[in-house]
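Q: Take a look at the following structure, please.
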Amino acid sequence: MSAEATYYDRRGIMGTLGRDGLLQIILIANTIIMLAPIVIMVFSAFKTTPQIFQSPFAIPDFTHVGNFLKIWTQTNFLRYLLNSFVVTGASMVLILTLGTMAAYAIGRYQFTGSTFILMFFLAGLTLPLKLAIIPLFMLMRDLNILNNQLSLIFVYTAMGLPTTVFIMTGFIRTLPNELEDAARMDGASEARIMWSIMLPLVRPAMVIAAIQNVVPIWNDFFFPLVFIQNDDLKTLPQGLTTFMGEYTTDWGVLFSGLTLSAAPIILIYIVLSKQFIAGMTSGAVK
Amino acid sequence: MKFETFEAANYNTILATALAGGTGPDVMMVRAYGGLENVATAGYLEELTTDSVPALADFAPSALDAERVRADGKLYAVPFASQTQLVIYNKAIFDANGLAEPQSWDELVALSQKLKDAGVIPFANGTATAWQNETVTFGLGSSLMGQDFYDALMAGEADFTDPRFTDALGAIAEVAAEYFPDGFIGLDYPSAQQLFASGMAGMFIGGSYEMAAFQGLNPDIELGVFAAPGKTADDAKLVGLYFDGGYAANAAGANKEASIKFLNYLASQEFGQAFANMLSNVSTVPGVTFDNALLAEVNDLNKSSIPYLMLAHFRYGEPSGSVLIQGEMQKLFSGETTPEAIGEALTTGLAAWYEPFQN
Amino acid sequence: MPKLRMTGRGLWITILIVPPLVFVALFIVYPIVSAFAYAFFDWQGLRRGEFVGLDNFWTVLFVEPYRSWTVNAFTHNIVVFFALMVLQNGLGFILAYALWRELPGARFHRVAVFLPVVLSTIIVAYLFKLFLHPLFGVVNISLKGIGLGWLAQPWLGQGSTALWSLIIAQAWHMVGFPTLVFLAGMQRIPGEILDAVRMETESEWVKITKVVWPLVAPSATIVFTLLFVGAFNWFELPYIMAGLDGSPYGSTDVLGLYFYRTAFGNVSSGQQDFGLGSALAVLIFIFIAAVASVITVRLRAREIQL
């Protein structure tokens with residue numbers, strides 16, 4: 001056995017092929033359980049309601065897109081989708097901008113109170129903000145942004161900052177000083193140094209921070225439930241509840257609505273699964 | 001004039017928010033009964049009298065009571081619609097099976113059996129959605145409970161352990177077990193509507209507001225309505241009646257005079273007629289006639305009614321009678337309790353705030 | 001790191017740090033601090049009334065019907081936590097162990113197990129609600145199809161199955177998360193340690209319990225804490241599948257639903273009470289903070305010891 005042999009090559013340690021066989025069966029069974037509901041959902045999206053009731057597992061005629069057309073033409077679905085993009089996009093821009101600013105200040109400069117400020121941000125990591133929904137509701141009322149997407153964008157930004165500052169500060173601290181010092185010798189301003197020298201280097205950390213935040217924000221239901229009443233302002237998860245209530249009679253449309261809602265994130269996940277898994281577990285993996 | 005609409009479930013919160021923030025509307029829709037009190041006791045609403053809105057003098061007293069605050073007896077809104085809890089049926093299915101509206105409980109059971117034998121689900125109702133338990137209970141049970149029970153309850157001479165009440169619950173549970181869909185305790189409200197509107201079931205116990213919903217789901221459906229019968233054909237057939245809400249004026253509004261003027265219009269026969277014609281709802285304005293035959297029939301049935309009990313009288317404290325009856329009926333339907341135990345649970349539960357039960 | 005030398009740089013740091021601080025202070029710290037303050041007042045609708053001391057806390061803990069409601073919801077949260085501990089974290093550990101072997105297809109299995117995690121809870125909840133429909137759901141239709149019709153149940157309509165249906169939907173949704181966190185922990189176990197163990201024992205069980213498990217303990221600490229916080233904040237899935245009332249008859253009621261109902265009211269009770277709602281929020285908050293720190297401290301201590 002070579003020194004580079006991976007753990008997998010040293011099969012003898014962890015038991016026989018028989019055990020691996022059992023583990024393989026567990027994995028396959030689990031994958032079936034994980035995928036079956038999603039496959040049934042997608043299949044049903046192409047069926048008529050009677051077909052769903054009579055043969056839920058049958059492979060549908062994928063050219064039957066009547067359900068999707070109905071959603072496209074008769075519901076507010078596109079509006080919800082657009083709202084989700086706007087709210088998530090605006091929140092992400094704010095989170096990454098503000099998060100990088102704070103992390104840069106804490107990670108790159110020594111100043112009194114920097115540790116305290118970092119702790120202040122980290123405190124936000126563990127607090128379940130849902131429990132503060134009553135004061136948040138009153139605050140949004142006082143700011144006059146109830147029933148306004150700004151309320152969502154602000155809350156999401158605040159919720160995203162602690163993890164972002166945490167991830168980015170750690171990363172920025174590992175960056176070498178040489179480039180920065182050289183630029184400073186040349187008389188570059190602090191802003192210039194940050195913008196053209198340091199920022200390009202922190203991109204990998206920004207990707208991790210972005211993925212960690214984008215999924216919960218895209219999927220959030222609780223804050224729109226409290227803050228948004230106007231149908232035209234609803235985001236996708238909240239709009240889905242309106243939609244599911246209106247089309248209860250038509251299961252084909254229900255399943256295609258669920259499929260359409262799930263599609264964007266599933267497709268991106270399949271393409272970027274490695275980054276997604278790394279990003280979403282980054283808070284828990286040390 | 002600017003008009004805004006909001007979703008029902010959060011309406012009270014939105015309204016309270018706007019009023020407390022000083023951005024409330026000049027004229028607004030408010031709920032009735034306990035839902036009105038929240039807003040009115042905080043002093044946001046302008047008191048109404050027959051001086052400011054003379055047409056109110058002709059309104060039914062029970063309609064006006066729904067828009068009063070109990071503590072001061074003052075009136076705060078012009079009631080706009082009543083809703084009736086009854087049985088809605090599919091005329092085509094009844095005709096095909098040679099069925100007529102039942103006159104007694106036994107006839108109701110017999111016709112349900114006939115539908116079942118014919119392969120039609122007799123009642124479409126499901127009880128997984130909590131509030132549906134309350135409509136089922138009083139849509140089906142008001143005649144069994146009877147006017148006497150209601151009067152005695154109001155007079156403080158009876159409570160919910162009264163056999164007139166508990167026997168009714170027992171009868172409802174028996175019908176549900178036999179003639180509601182398979183697994184009805186797991187069937188949610190929209191699915192139940194779907195069963196009825198698609199013609200898979202013969203009857204639906206619910207509010208008169210369902211009629212427009214069914215016609216929306218299935219424009220071809222031909223509907224009939226009847227009050228669920230009492231034990232015998234001689235017992236009065238009663239529907240459960242309640243008032244939906246009213247129009248009120250903002251006490252702090254900038255255009256109060258105009259608001260009152262507008263409320264006078266909302267209390268007029270002209271508006272009531274337009275309301276009934278366009279929204280297919282039973283207007284509370286006296287003297288309104290109904291083009292819609294079904295609506296006219298509901299209006300007739302309303303003449304023999306008792307109030308929709310929990311909403312009209314037991315939603316003024318915690319636990320509310322509605323929350324209690326909904327949970328208890330779900331228990332009864334899944335065999336976890338008895339009608340007698342429900343009577344106990346309601347009476348002791350409500351005793352927390354309902355004074356007549358506190359002894 | 002350069003020392004702070006110029007006032008210009010001080011200004012620059014201020015520009016960088018103040019806007020993010022304002023966001024966190026205004027939308028996280030201030031609301032949480034206010035939630036504590038709100039709980040000590042009487043509320044009429046959205047209007048703050050008199051200072052009432054601990055009255056609101058007393059009411060939700062000791063006065064009927066709130067006492068029973070609080071106990072009922074709290075009990076369900078505990079059931080949910082322990083059930084998910086087994087179904088989500090336990091299964092997650094086994095799956096991680098299986099994935100760790102890098103058997104053929106492991107990459108695919110890894111992507112599959114994490115797929116539901118990226119879905120919105122709302123989608124998952126509706127999907128399972130449709131699957132569990134008593135008449136038309138795929139579960140009952142399949143059971144009838146294979147001659148097990150007697151097993152078909154109104155899953156979400158009876159107290160005995162409703163909460164468990166929700167728990168299973170939740171476990172399906174999130175099992176991928178602990179799996180991949182555990183997997184990352186296992187992948188960091190140094191090969192030398194495993195070699196050394198091989199010298200001493202052949203028993204798979206001993207290896208898992210004495211070596212693998214202790215070495216992924218840091219991952220376990222975090223996964224347990226997150227599950228605990230999640231279980232006591234549970235809201236979206238029961239809200240969609242069971243409704244705000246915790247139907248049927250409160251058998252799926254959990255603190256999240258109960259808190260929301262108390263604060264914002266629901267269809268069947270006109271009452272909304274920010275005072276009682278805030279008291280509940282504060283109690284839940286203190287409970288979560290206390291237990292989460294105990295979990296962390298206890299499990300951390302064990303990590304070092306091993």
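Q: Please identify the pairs in which a residue from the range B:310-331 that is within 7 Å of another protein chain (Cβ to nearest Cβ) and surrounded by fewer than 24 Cβ atoms within 10 Å (Cβ to Cβ) has its Cβ atom under 7 Å from the Cβ atom of a residue that is in a helix (DSSP H, G or I) and of a type in the set (S, T, N, Q), counting only partners at least 6 apart or on another chain.
A: B:Arg315/B:Ser322
Q: Another question about this same structure. Restricting attention to the range B:43-90, which residues are among the aliphatic types (A, V, I, L, M) and in a loop (DSSP other than H, G, I, E, B)? It would help to see each step written out before you state the result.
A: Going through the range B:43-90, the residues among the aliphatic types (A, V, I, L, M) turn out to be B:45, B:48, B:53, B:55-57, B:60, B:63-64, B:66, B:69, B:71, B:75, B:77-78, B:81, B:86-88.
Matches in the range B:43-90: B:Val53, B:Ala60, B:Ala66, B:Val69, B:Ala71, B:Ala77.
Q: Consider B:Tyr44 against the criteria (1) away from chain C (no Cβ under 14 Å); (2) touching a residue at least 60 places away in the same chain (Cβ under 8 Å): it satisfies all of them except one. Which criterion is unmet?
A: (1)
Q: Residues in the range B:339-359 that are in contact (Cβ under 8 Å) with a residue 60 or more places away in the chain and among the β-branched types (Val, Ile, Thr): how many?
A: Looking only at that region, the number is 2.
Q: So is B:Leu195 within 24 Å of B:Leu241 (Cα to Cα), hydrophobic (A, V, I, L, M, F, W, C), in contact with a Pro (Cβ under 8 Å, 6 or more places away or on another chain) and in contact (Cβ under 8 Å) with a residue 24 or more places away in the chain or not? Walk me through how you get there before you give the answer.
A: Numbers: within 24 Å of B:Leu241 (Cα to Cα): no; hydrophobic (A, V, I, L, M, F, W, C): yes; in contact with a Pro (Cβ under 8 Å, 6 or more places away or on another chain): yes; in contact (Cβ under 8 Å) with a residue 24 or more places away in the chain: yes.
So B:Leu195 fails the test.
Q: Turning to a different aspect of this structure: Report the residue count in the range A:34-60 for those that are assigned to a helix (DSSP H, G or I) and either more than 23 Å from C:Ile168 (Cα to Cα) or at the interface with another protein chain (Cβ under 8 Å from one of its Cβ atoms) (or both).
A: Here is the first cut: in the range A:34-60, the ones assigned to a helix (DSSP H, G or I) are A:34-45, A:49-54.
Filter once more, so that each one left must be either more than 23 Å from C:Ile168 (Cα to Cα) or at the interface with another protein chain (Cβ under 8 Å from one of its Cβ atoms) (or both): A:34-35, A:37-38, A:40-41, A:45, A:49-54.
Counting residues in the range A:34-60 that are assigned to a helix (DSSP H, G or I) and either more than 23 Å from C:Ile168 (Cα to Cα) or at the interface with another protein chain (Cβ under 8 Å from one of its Cβ atoms) (or both) gives 13.
Q: Suppose we filter the range C:257-291 for residues that are under 20 Å from the mean Cα position of the chain (by Cα), more than 7 Å from every other protein chain (Cβ to nearest Cβ) and buried (at least 21 other Cβ atoms within 10 Å of the Cβ); how many remain?
A: So the count comes out to 7.
Q: Filter the range A:221-254 down to the residues that are over 23 Å from C:Phe235 (Cα atoms) and not small (Gly, Ala, Ser) and list them by number. Before the answer, list the steps.
A: Initially, the range A:221-254 is screened for residues over 23 Å from C:Phe235 (Cα atoms), giving A:232, A:247, A:249-253.
Correct list: A:Asp232, A:Tyr247, A:Thr249, A:Asp250, A:Trp251, A:Val253.
Q: Among the residues that make up the range B:340-348, is at least one of them out of contact with any Asp or Glu (no Cβ under 9 Å at 6 or more places or on another chain), in the same structural domain as B:Asp182 (by TED's automatic domain parsing), within 28 Å of B:Ala176 (Cβ to Cβ) and not in a helix (DSSP H, G or I)?
A: Scanning the range B:340-348, I find no residue that is out of contact with any Asp or Glu (no Cβ under 9 Å at 6 or more places or on another chain), in the same structural domain as B:Asp182 (by TED's automatic domain parsing), within 28 Å of B:Ala176 (Cβ to Cβ) and not in a helix (DSSP H, G or I), so the answer is no.
Q: All but one of (1) without any contact (Cβ under 8 Å) to a residue 24 or more places away in the chain; (2) not in a helix (DSSP H, G or I) hold for C:Ile123; which doesn't?
A: Going through (1) without any contact (Cβ under 8 Å) to a residue 24 or more places away in the chain; (2) not in a helix (DSSP H, G or I) one by one, C:Ile123 breaks only (2).
Q: Counting only residues that are farther than 16 Å from B:Asp244 by Cβ and touching a Phe, Trp or Tyr at 6+ places or on another chain (Cβ under 9 Å), which one in the range B:274-303 is surrounded by the most Cβ atoms within 10 Å (Cβ to Cβ)?
A: Result: B:Leu301.
Q: Please specify each residue of the range C:79-110 satisfying the condition of being closer than 27 Å to C:Gly185 by Cα and of a type in the set (Val, Ile, Thr).
A: Our first condition is that a residue be closer than 27 Å to C:Gly185 by Cα; within the range C:79-110, this holds for C:80-110.
If the condition is that a residue be closer than 27 Å to C:Gly185 by Cα and of a type in the set (Val, Ile, Thr), then C:Val80, C:Val86, C:Ile94 are the ones that fit.
Q: Among the candidates C:Phe23, C:Phe27, C:Phe51, C:Phe62, single out the residue that is without any contact (Cβ under 8 Å) to a residue 24 or more places away in the chain and either in contact with a Ser or Thr (Cβ under 6 Å, 6 or more places away or on another chain) or aliphatic (A, V, I, L, M) (or both). Lay out the reasoning, then the answer.
A: Details: C:Phe27 fails: either in contact with a Ser or Thr (Cβ under 6 Å, 6 or more places away or on another chain) or aliphatic (A, V, I, L, M) (or both); C:Phe51 fails: either in contact with a Ser or Thr (Cβ under 6 Å, 6 or more places away or on another chain) or aliphatic (A, V, I, L, M) (or both); C:Phe62 fails: either in contact with a Ser or Thr (Cβ under 6 Å, 6 or more places away or on another chain) or aliphatic (A, V, I, L, M) (or both).
Going through C:Phe23, C:Phe27, C:Phe51, C:Phe62 in turn, the sole match is C:Phe23.
Q: Then there is this: Of the residues C:Trp150, C:Trp164, only one is closer than 15 Å to C:Met241 by Cβ, surrounded by fewer than 19 Cβ atoms within 10 Å (Cβ to Cβ) and of a type in the set (Phe, Trp, Tyr); which?
A: Working: C:Trp150 fails: closer than 15 Å to C:Met241 by Cβ.
After applying the criteria, what remains is C:Trp164.
Q: Exactly one condition in (1) buried (at least 19 other Cβ atoms within 10 Å of the Cβ); (2) facing another protein chain (nearest Cβ under 10 Å); (3) small (Gly, Ala, Ser) is not met by C:Ala231; state its number.
A: If we test C:Ala231 against (1) buried (at least 19 other Cβ atoms within 10 Å of the Cβ); (2) facing another protein chain (nearest Cβ under 10 Å); (3) small (Gly, Ala, Ser), just (2) comes out false.
Q: Working only within the range A:93-120, note down all residues that are surrounded by 23 or more Cβ atoms within 10 Å (Cβ to Cβ), small (Gly, Ala, Ser) and either touching an Asp or Glu at 6+ places or on another chain (Cβ under 8 Å) or in contact (Cβ under 8 Å) with a residue 60 or more places away in the chain (or both).
A: Of everything in the range A:93-120, those that are surrounded by 23 or more Cβ atoms within 10 Å (Cβ to Cβ), small (Gly, Ala, Ser) and either touching an Asp or Glu at 6+ places or on another chain (Cβ under 8 Å) or in contact (Cβ under 8 Å) with a residue 60 or more places away in the chain (or both) turn out to be A:Gly99, A:Ala102, A:Ala103.
Q: Within the range C:28-59, how many residues are away from chain A (no Cβ under 14 Å) and among the β-branched types (Val, Ile, Thr)?
A: Residues flagged as away from chain A (no Cβ under 14 Å) and among the β-branched types (Val, Ile, Thr) within the range C:28-59 amount to 2.
Q: crowded, with 23+ Cβ neighbours inside 10 Å and assigned to a helix (DSSP H, G or I): is that true of A:Leu69 in this structure?
A: Numbers: crowded, with 23+ Cβ neighbours inside 10 Å: no; assigned to a helix (DSSP H, G or I): yes.
So A:Leu69 fails the test.
Q: Another question, then. When you go through (1) more than 21 Å from the chain's Cα centre (by Cα); (2) assigned to a loop (DSSP other than H, G, I, E, B) one by one for B:Ala177, which number turns out not to apply?
A: (2)
Q: If you don't mind, another one. Of all residues in the range C:103-135, which are within 14 Å of chain B (Cβ to nearest Cβ) and within 30 Å of the chain's Cα centre (by Cα)? Show your work before the answer.
A: Just the residues of the range C:103-135 that are within 14 Å of chain B (Cβ to nearest Cβ), to begin with: C:125-126, C:128-135.
Result: C:Ala125, C:Tyr126, C:Phe128, C:Lys129, C:Leu130, C:Phe131, C:Leu132, C:His133, C:Pro134.
Q: Still on this structure: Looking only at residues in the range A:200-233 that are touching a Lys or Arg at 6+ places or on another chain (Cβ under 8 Å) and modelled with pLDDT of 90 or more, which one is nearest to the other protein chains (Cβ to nearest Cβ)?
A: The selected residue is A:Phe222.
Q: Check B:Ala201, B:Ala110 and return the single one that is farther than 28 Å from B:Ser320 by Cβ and within 13 Å of chain C (Cβ to nearest Cβ).
A: Working: B:Ala110 fails: within 13 Å of chain C (Cβ to nearest Cβ).
That would be B:Ala201, the only listed residue that is farther than 28 Å from B:Ser320 by Cβ and within 13 Å of chain C (Cβ to nearest Cβ).
Q: Among (1) in contact with a helix residue (DSSP H, G or I) (Cβ under 8 Å, 6 or more places away or on another chain); (2) surrounded by fewer than 21 Cβ atoms within 10 Å (Cβ to Cβ); (3) in a helix (DSSP H, G or I); (4) without any contact (Cβ under 8 Å) to a residue 12 or more places away in the chain, there is one condition C:Ala98 misses while meeting the rest; what is its number?
A: Status for C:Ala98: all satisfied but (2).
Q: Report yes if B:Gly246 is in contact with a helix residue (DSSP H, G or I) (Cβ under 9 Å, 6 or more places away or on another chain), outside any helix (DSSP H, G or I), modelled with pLDDT under 90 and surrounded by fewer than 19 Cβ atoms within 10 Å (Cβ to Cβ), otherwise no.
A: When the stated conditions are applied, B:Gly246 does not pass them.
Q: Considering only residues that are closer than 24 Å to A:Phe166 by Cα and part of a loop (DSSP other than H, G, I, E, B), look in the range A:234-286 and name the one that is modelled with the highest pLDDT.
A: A:Leu272
Q: If you scan the range A:179-221, which residues turn out to be surrounded by 16 or more Cβ atoms within 10 Å (Cβ to Cβ) and aromatic (Phe, Trp, Tyr)?
A: Matches in the range A:179-221: A:Trp218, A:Phe221.
Q: Still on this structure, I have one more. So how many residues does the range B:197-238 have that are part of a helix (DSSP H, G or I) and closer than 22 Å to B:Ser142 by Cα? Write out each step before concluding.
A: Start the filter on the range B:197-238 by keeping residues that are part of a helix (DSSP H, G or I), which leaves B:197, B:209-217.
From the residues that got through so far, the ones that are closer than 22 Å to B:Ser142 by Cα too are B:209-211.
Total meeting the criteria: 3.
Q: Oh, and also: Check off (1) more than 23 Å from B:Gly126 (Cα to Cα); (2) modelled with pLDDT under 90; (3) among the polar types (S, T, N, Q) for C:Gln153 and give me the number that stays unchecked.
A: Among (1) more than 23 Å from B:Gly126 (Cα to Cα); (2) modelled with pLDDT under 90; (3) among the polar types (S, T, N, Q), the lone unmet condition for C:Gln153 is (1).
Q: Continuing with the same structure: Return only the number of the condition from (1) modelled with pLDDT under 90; (2) within 14 Å of chain B (Cβ to nearest Cβ) that C:Ala220 does not satisfy.
A: It is condition (2) that C:Ala220 fails.
The values are calculated or read from the model by the stated rules, or taken from the named source; none is laboratory data. Nothing here was measured: the structure is a model prediction, and the numbers come from that model. Here Cβ is always computed from backbone atoms with ideal geometry, including for glycine, and neighbour counts include all displayed protein chains.
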